[in-house]
Amino acid sequence: MDRRTFIGLAAAGAVLPRRLSGLDWWPRQETRRHTLRHPAIVSGEGLTLTARPALVDAGPDLVDAWTLNGAVPSPTIRLRRGQTARIDLVNELPEHTILHWHGLAVPQEADGHPRLAIGPGQRYAYEFRILNRPGTYWYHPHTHGVTAAQTYKGMGGFLIVEDDDEEPYGLPSGEYEIPLILQDKRLGGSLSLAYGLGMPHDRMHGYLGDTAFTNGVADATVDVSRSRYRLRILNGSNARIFDLGLSNGDPLVLIGGDGGLLEAPVRMERIMLAPAERVDVLVDFSGRRPGERVMLRSLAFDVPGMMGMMGMPMGRGRGRGGMMMGMGGSAQGTAMDLLELIVQDSPKEPGPPPPARFSTVPGRGRVTGATPRRTFTFSSSMTMGSGQPSHTINGKTFELERVDERVPARQTEVWTFVNDSELPHPVHVHAGQFRVLARTGGRNRVMPWETGLKDTVLTMPGERVDVAVRFVHEGLFLLHCHNLEHEDMNMMLNFEVYT
């Protein structure tokens, strides 16, 4: 069936496969899976990224997307520590856009603040030196009010920093290293990446989908050899939290987080990943039988406190089709199959195991009782009368030019993120990375994937998270929730770093 016939049948109300219909009472059918796409790899020196609409292959068929250089996902940029990136953004979209280099410590003019957004037909030149450790970073739009829509429609890709420090560890590379952007999309009754906030629920909880996409492909599958792989995993969703695990019960060997390698590998049965967070994991297929199928899954989980928000229970959904009544997406905490990995009939080549320890993760300065402290309280509620959500930090909504905090450069501070709402808030700090010191309330501990450098940390309802920050670059930067609907609805503030 070609794309035109498919759309015509859908418009006429024809019977659709269960994968697209979302009708829970239909008989379950075997999900048709589609070959994983590997993004193009490019250098960050002399690169031009053109933002433009394009028709891309989503697996079952072609979809209209918003792209960088005509592809979803956007190209993977590889740079070395100490290298200078020179990247031009050309805007061929019908609205303003700008790109943020997520997790990188860059000057204010390169950070992608929404006040720098360029209009249709304009160009923006980025130039910045790579100061970060080797690790898995990414880039995405940061245009105020439409960040969620532009990201959902396809814009965003990896920026991988490398140097010689990782080479002695013998970690999988080349074809044995697979970057994975995990997302959820709301297909409903048609194969489309159209985005629209039709219900207050979407503005309150964020835009939750019903179908797993990996590297821009719905219900993806990939062949793997009988070897050890390094998976660089990014949660690129608007609002979906993934609780990662493998269907065969094998561990995910956690080796890295937002800011590069941890101090030592950790064997994990499950890893919770909020929007914008990254992990690097090792998975060993050398002991698997040829033809065996292993599923990377998001396991079912509950979010504390999310009963009763707008009258809708959340968590422990029933997989695809387990929708929020009339809301169009599966509940937060719904189990989802993310990526099928099929073991090939190939020689067994496990490769070297990871070392017992990696290099020491740098700190963010010495913390004492005299260290300056700031508290940021993230609140979400329904506005009386209007029935519309309100998302605030310290009781305020974002204003483009207002400076909310002034922070001295090169001085360590402790920032506390307080979640006093009934919704999860992944908190993201621009201008560099931080160390997570403590979590009180809720899960009440620092999670293994939070022990390295971070730029985004999940605060569940009732939690307080203390982080140590220290900034190098002067200028105006952002602190915000990385639930993109919350961000677009002004859960964001400006802080100015000064000397």
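So that you can scan it fast, the table gives a plain yes or no per residue for (1) exposed (fewer than 13 other Cβ atoms within 10 Å of the Cβ); (2) assigned by TED's automatic domain parsing to the domain that holds residue 202; (3) of a type in the set (Phe, Trp, Tyr):
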position: 332; (1), (2), (3): no, yes, no
position: 335; (1), (2), (3): no, yes, no
position: 338; (1), (2), (3): no, yes, no
position: 352; (1), (2), (3): yes, no, no
position: 367; (1), (2), (3): no, no, no
position: 381; (1), (2), (3): no, no, no
position: 394; (1), (2), (3): no, no, no
position: 397; (1), (2), (3): no, no, no
position: 422; (1), (2), (3): no, no, no
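For segment 120-164, which fully contained strands (runs of 3 or more DSSP E) count at least 1 residues that are more than 23 Å from residue 480 (Cα to Cα) and of a type outside the set (Val, Ile, Thr)? Spell out how you get there, then give the answer.
Working: elements: 123-129, 135-141, 157-162.
It comes to 123-129, 157-162.
In segment 461-499, how many residues are touching a strand residue (DSSP E or B) at 6+ places or on another chain (Cβ under 8 Å), assigned to a loop (DSSP other than H, G, I, E, B) and surrounded by fewer than 24 Cβ atoms within 10 Å (Cβ to Cβ)? Break it down into steps so the answer makes sense when it comes.
Of the residues in segment 461-499, the ones touching a strand residue (DSSP E or B) at 6+ places or on another chain (Cβ under 8 Å) are 461-471, 473-483, 486-487, 489-499.
From the residues that got through so far, the ones that are assigned to a loop (DSSP other than H, G, I, E, B) too are 461-463, 470-471, 473-474, 482-483, 489-491, 499.
Then keep just the ones that are surrounded by fewer than 24 Cβ atoms within 10 Å (Cβ to Cβ); that gives 461-463, 470, 473-474, 490, 499.
Final tally of qualifying residues: 8.
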*Counting just the residues of segment 244-283 that are assigned to a loop (DSSP other than H, G, I, E, B) and crowded, with 18+ Cβ neighbours inside 10 Å, which one comes out farthest from the chain's Cα centre (by Cα)?*
259
*asked:* Which condition from (1) more than 18 Å from residue 71 (Cα to Cα); (2) free of Cβ contacts under 8 Å to residues at least 60 places away in the same chain; (3) out of contact with any helix residue (DSSP H, G or I) (no Cβ under 7 Å at 6 or more places or on another chain) is the one that residue 128 breaks?
replied: (3)
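Yes/no per residue for (1) modelled with pLDDT of 95 or more; (2) within 30 Å of residue 379 (Cβ to Cβ); (3) crowded, with 23+ Cβ neighbours inside 10 Å:
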residue	(1), (2), (3)
150	yes, yes, yes
164	no, no, no
172	yes, no, no
182	yes, yes, yes
203	no, yes, no
208	yes, yes, yes
214	yes, no, yes
219	yes, no, no
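Those residues that are of a type in the set (A, V, I, L, M) and over 22 Å from residue 222 (Cβ atoms), I need them from segment 243-298; list them, please. It would help to see each step written out before you state the result.
As a first pass, look at segment 243-298 and keep what is of a type in the set (A, V, I, L, M): 244, 246, 252-255, 261-262, 264, 266, 268, 271-274, 276, 279, 281-283, 294-296.
Matches in segment 243-298: 261, 262, 264, 266, 272, 274, 276.
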*Can you spot a residue in segment 270-286 that is assigned by TED's automatic domain parsing to the domain that holds residue 207, closer than 20 Å to residue 334 by Cβ, among the β-branched types (Val, Ile, Thr) and modelled with pLDDT under 95?*
no
*Of all residues in segment 174-193, how many are touching a Lys or Arg at 6+ places or on another chain (Cβ under 7 Å) and among the hydroxyl-bearing types (Ser, Thr, Tyr)?*
1
*What are the pairs, 6+ residues apart or on separate chains, where a residue within segment 245-259 that is in contact (Cβ under 8 Å) with a residue 40 or more places away in the chain and assigned by TED's automatic domain parsing to the domain that holds residue 299 has its Cβ under 8 Å from a residue that is among the hydroxyl-bearing types (Ser, Thr, Tyr) and assigned to a loop (DSSP other than H, G, I, E, B)?*
257/451
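Quick one: count up the residues across segment 372-389 that are modelled with pLDDT of 95 or more and not in a loop (DSSP other than H, G, I, E, B).
Within segment 372-389, the subset modelled with pLDDT of 95 or more is 372-380.
Those left that are additionally not in a loop (DSSP other than H, G, I, E, B): 373-380.
Going through segment 372-389 one residue at a time, the tally reaches 8.
Return the residue satisfying two criteria in turn: it lies in segment 426-455 and is in a strand (DSSP E or B) and free of Cβ contacts under 8 Å to residues at least 40 places away in the same chain, and of such residues it is nearest to the chain's Cα centre (by Cα).
First pass over segment 426-455, keeping only residues in a strand (DSSP E or B): 426-429, 434-440, 453-454.
Imposing the further condition that a residue be free of Cβ contacts under 8 Å to residues at least 40 places away in the same chain reduces the set to 436, 438-440.
Details: 436: 19, 438: 23, 439: 21, 440: 24 Å.
The selected residue is 436.
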*Qualifying positions in segment 400-425 - assigned to a loop (DSSP other than H, G, I, E, B) and not basic (Lys, Arg)*: 400, 401, 403, 404, 409, 411, 412, 420, 421, 422, 423, 424
*Just checking, which of 240, 228, 232 is modelled with pLDDT of 95 or more, part of a loop (DSSP other than H, G, I, E, B) and among the charged types (D, E, K, R)?*
240
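The values are calculated or read from the model by the stated rules, or taken from the named source; none is laboratory data. Quick caveat: nothing in here was measured; it's all calculated off a predicted structure. Cβ coordinates were reconstructed from backbone atoms using ideal geometry, including for glycine residues, and neighbour counts include every protein chain displayed.
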